[in-house]
Structures are given as C-alpha cells and as structure tokens.
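The block underneath contains the structure these notes are about, expressed in structure tokens.
No value in this document is a laboratory result; all are computed from the given coordinates. Owing to the predicted nature of the structure, the values given are computational and were not obtained by experimental measurement. Cβ placement follows ideal geometry from the backbone for every residue including glycine, while neighbour counts extend to all protein chains displayed.
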Amino acid sequence: MLQGQLDKSNFTLVRRLQEACVELLNGLSTDIEALIAAAEQDLQGKAQVAVSMLQHLFPFQVALYQRCILLATTKKFDGSVTLLRQSKDGHLVHYTRPLDCLLGQKKVLPDNPLGELAQ
C-alpha cells in the first residue's frame, strides 16, 4: 500500500516537473536547437536551466539535437517515452510514445489486419 502511494507520488511529481519545463520553454519562445546552443555557450542562465530540465525530463528530445548515449534496459523498453511537439498554435506540448515504436519505427495499426485469424 505504501509502495503504491510512493509510486503514484513519484509519477505526479515527474508530470508536474514536465509541465513546468514545457511552460519554461514556451515562455522563452526559442526553439530547442537554439536553446541548446545558447546553453553550451553560457549565454543565458534560463537557457541552462531549461536544457538541464530537458536532459532529465525529456532525454529523447535532447537526443534529437545533440549526440548522446542513452542506456535502455529491458524494463525501459516495456515503457513509454515522453517527447515534445509543437501544437497548432505554436506552443510545445508533451506526448508519450512506446519506446519500441520510436526506436524501431513500428507503426501502430488501429485494427489487427489478421482479424479473427490472430485470435
């Protein structure tokens, strides 16, 4: 019972931190690639904070813009990855995808093409 409460609190905390990171990125009004470059050159304090949050909360998003090593264990392959994308109004929003679909470029089919044969 206590372990379940701790897991739920951990999930809630991570989700709140992700929302705060997205709000910070939207407030800076800079694309992620320029933000990473600014943080590397030590130009802005907020850029460093935003990139640090990105690296911890959205590691696959940072991997799109700079070289890095991501260690994926078997347990992580069973989970999902949180990424960022721009909404229609230009703001960043976060969404989740299964890790194996992201790495393997698997397509998620709405219906089973084999139908009743697969059952």
Under the rule rounded for a/c under 1.5, else prolate if a/b exceeds b/c, else oblate, using alpha carbon gyration tensor axes a ≥ b ≥ c, the range 2-106 is classed as prolate
Taking the Cα of Thr96, stepping 7 Å toward and past its beta carbon, and measuring to each backbone N in the range 7-22: which are under 15 Å? 7-19
What is the dipole size for the range 16-92, taken about its Cα centre, with +1 at each Lys and Arg Cβ and -1 at each Asp and Glu Cβ, in debye to the nearest 20? 260
